[in-house]
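Working notes, beginning with the structure itself.
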Amino acid sequence: MDFSVDRLNAMDLETTSELQKVFKVANVSCRSDFTETALMKLNKNPLIKIISSLMNLVEKNNELCKSAAGKIDVMKSEKIADQKLIIEVQQGQMNSVQETVKSEMKSWTDVVKKNTAQRPSGKPLTQNSIKQAVRTVNEETKRSKNLMIYGCHESDKEADFELNKAVKEILKGTDVFPVPLACEVYRIGRKEPGKNRPVKVELACASEVDSVLMRARNLRDSKVFKHVYLGPDRTREEQLAHSKLVKEMKQMIQKDSNKHYFIRDRKICSADKSLSSQMPQSS
């Protein structure tokens with residue numbers, strides 16, 4: 001007999017029914033009246049029927065209890081197995097988090113060391129210099145999540161939803177997948193008639209910015225966005241350095257137009273024009 005709640009309820013009803021029959025045969029109305037004296041008054045045949053009925057109930061209840069005990073053991077084993085699995089998964093997640101924290105802390109420490117190491121020779125390491133290094137790290141981390149868009153058309157009375165829609169279409173135009181969701185979008189600089197201010201787009205992480213920049217060249221094939229340019233969020237010093245590289249690159253193009261020149265990792269690189277379609281946009 002397999003244990004179930006329905007079988008338990010059925011057994012309860014059957015037991016109640018059989019006891020009522022026994023009480024009727026013994027001529028009593030309740031359990032408290034069902035005494036040895038009441039049984040002694042019964043003839044042999046009615047007593048045999050009572051004993052037989054009760055034995056049958058005992059056997060059925062015994063089978064049901066064994067089935068219930070077996071199910072409890074199975075459920076207990078499954079519960080233990082589930083708990084072990086949960087512990088293993090949680091331990092794996094904790095290990096992953098610890099490794100990530102160690103990696104990020106190492107990267108953060110390396111950047112701080114790099115920034116503090118760039119101080120003038122002989123100048124002692126002070127609390128202020130460490131604070132400045134930390135501020136630099138935080139600024140670089142924040143900028144790494146930003147994407148700059150140049151050449152995006154700006155209407156006289158541009159609404160926020162219009163700018164957000166335009167940015168979304170530009171990101172789609174790069175063919176990046178999945179298309180990242182912008183956390184914040186806004187133009188920077190003073191508004192001037194006839195000019196399109198740059199757009200700063202804040203994404204969730206630096207890897208999303210890198211993915212977009214790697215595919216920004218695809219905008220050249222777009223009729224709508226072929227004059228739109230994407231770039232990283234540079235500091236003032238980085239902008240000046242980049243402008244200098246662009247100037248040098250233009251001079252190199254004038255001297256040798258048979259190659260495709262581009263800027264990558266703050267350096268001027270070149271490749272055969274036959275391979276230029278596979279090269280990412282300069283950044």
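A few notes on this one:
- Rg over Rh for the stretch 1-90 works out to 1.28, using Cα positions for both radii and the Kirkwood form for Rh.
- The charge dipole of the stretch 136-232, taken about its Cα centre with unit charges on the Cβ of Lys, Arg, Asp and Glu (plus for the first two, minus for the last two), comes to roughly 280 debye.
- Ranking Phe262, Met214, Ser243 by Cα position along the charge dipole of the stretch 166-283, where only Lys, Arg, Asp and Glu carry charges on their C-beta atoms, puts Ser243 farthest toward the positive end.
- Karplus 3J(HN,Hα) series, Hz, for the stretch 139-149 with 6.51 cos²θ - 1.76 cosθ + 1.60 (x for Gly, Pro): 5, 5, 5, 5, 5, 5, 8, 9, 10, 9, 10
- Separation of alpha-carbon centers, the stretch 1-60 and the stretch 159-190, rounded to whole Å: 80 Å
- Among 238-248, 69-79, 142-152, sorting by the average number of other beta carbon atoms lying within 10 angstrom of each residue, highest first, gives 142-152, 238-248, 69-79.
- Share of carbon and sulfur in the accessible area of the stretch 183-261 stands at 50%, probe radius 1.4 Å.
- Cα centre as origin, Lys/Arg/Asp/Glu Cβ charges: the stretch 1-69 dipole, Debye: 340 debye
- The residues Ser29, Ser17, sorted by heavy-atom accessible surface at 1.4 Å with ligands and nucleic acids left out, run Ser29, Ser17 from largest to smallest.
- Probe 1.4 Å, protein heavy atoms only - accessible area per residue of the stretch 139-283 in square angstrom: 67 Å²
- Separation of the Asp265 and Lys71 label points, Cα + 7 Å toward Cβ, nm: 6.6 nm
The values are calculated or read from the model by the stated rules, or taken from the named source; none is laboratory data. Here the structure is a predicted model, which is why all the values come from computation and not from measurement. Every residue, glycine as well, gets a Cβ built from its backbone with ideal geometry; the counts of neighbours run over all protein chains shown. SASA here: full protein model, heavy atoms, side chains in, ligands and nucleic acids out. Shrake-Rupley method; radii C 1.70, N 1.55, O 1.52, S 1.80 Å.
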